[in-house]
1. Using the structure shown, list the pairs from A:Lys54/A:Lys303; A:Lys303/A:Lys347; A:Lys148/B:Lys129 with a Cα-Cα distance above 22 Å, or answer none.
2. Can you give the percent of C-alpha pairs in the stretch A:226-270 whose distance is more than 14 Å?
3. Once a ≥ b ≥ c are taken as the square roots of the eigenvalues of the Cα gyration tensor of the stretch A:319-396, is the result rounded (a/c under 1.5), prolate (a/b larger than b/c) or oblate (a/b not larger than b/c)?
4. As an exercise, find the ratio Rg/Rh for chain A from alpha-carbon atoms, using the Kirkwood inverse-distance average for Rh.
5. Am I reading the B/A interface right? What is its buried accessible area, both sides, 1.4 Å probe, to the nearest 100 Å²?
6. Using only the alpha carbons of the stretch A:75-121, what is the convex hull's orientation-averaged projected area in square nanometres?
7. If you roll a 1.4 Å probe over the stretch B:68-176 with all protein chains in place, what percent of the accessible area is carbon or sulfur?
8. Anything losing 50 Å² or more of accessible area from the isolated chain to the full protein assembly: pick those residues out of the stretch B:132-165, probe 1.4 Å, ligands and DNA/RNA ignored.
Amino acid sequence: MNQDPNFNPINRRRFLKLSACAAVGTTSLFDTLLNLRQLNAASAGVLGSNEDYKALVCIFLYGGNDSNNTLIPTNTADYSLYAAGREQLTLPKSELLALASLNTQGRPFGIHPSLTGCRDLFDSGDLAFVANVGTLFAPASLSDFRNKTSAIPSHLFSHSDQQVLWQTSVKEDPAAVRTGWGGRAADLIHSIHNDQSTSMLVSIAGANFFQVGENLLPFHMDAAGARSYEILNGSDQYATTRAESFRQLLERDYAHKMEQTFADISLSSIKNADTFNAAIGDASSFDMLPNTGLGDQLRMVAKLIQSREALGQRRQIFFVATGGYDTHGPQLNQHAGLLSELDGAIKGFHGALDSINALDKVTSFTASDFGRTFDSNGRGSDHGWGGHHMVMGGAVNGQRIYGQFPNITPGSEHDTGRGRWLPTTSVDQYGATIARWFGLSESELPSVFPNIGNFATSNLGFMA
Amino acid sequence: MTKPKILTILALLTIGVYIGSRSPKSYPDSEHTSSSKSSTDKISEIKAIPKPLPPKMTPVSPPQATTVTRNGLAGHSDPQANPQQDILVIKHLFSEIRTVFRELPIGENQQIAAFLLGENSRHIAYIQKNSPHLNDDGEIIDRWGTPYFFHAMSRHQIDIRSAGPDRILWSQDDLTSHQ
């Protein structure tokens with residue numbers, strides 16, 4: 001019988017040799033893992049100081065904020081273009097809040113009259129604007145847009161697709177990738193800084209892509225705290241017995257994987273809820289935050305930050321959100337109300353962080369589906385692309401406007417039609433600048449922001 | 001059979017075979033009779049014969065994509081039907097497009113109209129250029145003549161809004177796909 005020349009029978013000698021190699025390899029692997037664990041434990045001990053803490057807070061404005069009425073150039077020529085382009089959406093120049101900007105070379109800017117708190121934070125150096133940020137895979141021109149080159153994301157102007165892209169910053173079909181840049185950043189640093197028993201990712205605004213990592217998932221709370229099973233509530237004897245029985249059911253071993261997974265997740269959820277609720281039990285009430293949807297969410301974030309030691313967290317990423325920014329219809333009053341809520345929450349959160357000496361440790365930033373059309377649809381504005389965003393915190397190089405403000409002349413090099421601005425800064429650059437401050441190294445950035453290498457810089461300079 | 005008969009038959013067969021085997025006399029041409037040429041020369045001569053040119057191709061225009069036509073807005077603006085029916089017609093059309101293309105076109109009314117006119121990867125024209133449901137700007141209009149507002153929620157969902165009888169978008173009498 002002809003033998004296959006590639007056939008390599010395992011004999012006793014070869015088996016022993018391979019087993020030995022495998023054993024050595026496994027030992028090395030275990031050694032490495034053990035060393036990493038010891039290193040993490042050691043670093044956790046060394047870095048146990050309360051001072052080593054950083055948090056990111058993503059404030060997502062669902063619907064697409066009309067940032068054309070958030071940050072407005074007020075020199076005569078630009079304001080004339082603004083008024084001509086926006087028509088009935090024009091905000092009177094006299095009502096705009098002037099910014100004492102340090103880096104706009106004498107070009108004056110004003111912000112929406114509802115943003116008094118943000119104006120104060122800007123002028124005091126704790127808030128910066130980043131102009132014309134949007135989803136983009138590489139620097140792009142109008143020609144790229146018209147020819148739909150690989151620099152241009154697909155499904156522009158679609159709420160859901162652009163929300164996902166803002167949160168994931170991944171070129172491939174986001175629905176297939178399903179991890180966000182916050183989650184991927186957490187994957188890299190969670191084990192180095194944090195107690196592993198609780199997640200460093202906490203959402204106060206429900207499910208999102210931003211916080212989904214390969215290994216980590218966000219823990220969901222609401223503005224009142226962590227929710228748990230109703231069956232666990234009650235303090236009488238019957239309720240206690242019922243709750244104990246339920247826990248015992250979850251602690252059992254199940255043969256069916258789905259049953260076992262359900263039990264594990266349920267149990268983990270209950271334990272996390274107990275941990276989080278216990279940790280924030282003694283937190284301050286932070287009355288400086290307004291009793292609004294966003295104010296309540298940021299109050300919970302402030303409590304969690306204050307309780308960071310009890311939670312064993314030295315790096316945390318929070319997600320809060322508010323909706324209603326899809327202002328197609330009568331916009332002026334609606335937008336004023338939305339920005340008023342945002343302003344109150346941001347100002348209150350700044351005060352809350354200041355009260356617990358965490359101002360320098362926490363950076364908050366806005367994000368939104370897209371900007372809106374510069375021209376009016378008659379009553380409101382429609383889906384746009386690039387938009388202006390705010391970054392807040394003690395570590396922000398504030399009182400400045402970063403990035404390139406778009407040329408608002410109709411038909412300019414930034415106008416893809418109806419004043420849908422071609423972004424001059426990508427979400428990757430915006431996020432990478434924040435993530436670098438958070439602790440990601442230069443070499444780690446591409447794994448979190450896969451398109452960052454296409455851009456001239458990964459550091460826009462707005463973080464200290 | 002008697003012996004003489006057998007001999008007769010054999011004789012006739014022999015004569016027949018002889019006549020049948022006589023081939024017509026061939027007259028080889030001079031080349032073939034020229035025994036002086038070697039086979040190498042013959043090969044050279046054969047090789048020297050110019051090869052026939054490929055058949056001259058008549059230039060043809062590239063095949064044109066066949067446009068499949070559909071009456072995607074059939075039933076729209078039917079005076080006998082409830083105006084909300086128009087929204088359902090478009091909703092149904094979008095549903096069909098989503099099935100065929102796996103996603104919906106995103107953009108302004110004109111861009112969606114262009115897609116429906118056949119500017120899509122499968123060259124399916126869901127409406128025709130002379131459609132009464134298009135205005136002069138190439139926008140899809142409602143029964144009162146106002147362009148529809150198409151709200152891109154995602155690549156799979158577009159909300160539809162008609163300005164209604166007052167022809168003012170975002171007013172009380174608007175018709176939407178939510179209703």
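The values are calculated or read from the model by the stated rules, or taken from the named source; none is laboratory data. Being a predicted model, the structure only gives us computed values, none of them experimental. Note: ideal-geometry Cβ built from the backbone for every residue, glycine included; neighbour counts use all protein chains shown. Ligands, DNA and RNA are excluded from the accessible area calculation, which covers all protein heavy atoms including side chains. Shrake-Rupley method; radii C 1.70, N 1.55, O 1.52, S 1.80 Å.
1. A:Lys148/B:Lys129
2. Counting pairs separated by more than 14 Å, the tail of P(r) holds 50 percent.
3. It is prolate, given that a/c is not under 1.5 and a/b is the larger ratio.
4. 1.05
5. It comes to approximately 1200 Å² buried between B and A.
6. 3.6
7. 48
8. At a threshold of 50 Å² (probe 1.4 Å), the residues of the stretch B:132-165 that become less exposed are B:His151, B:Arg155.
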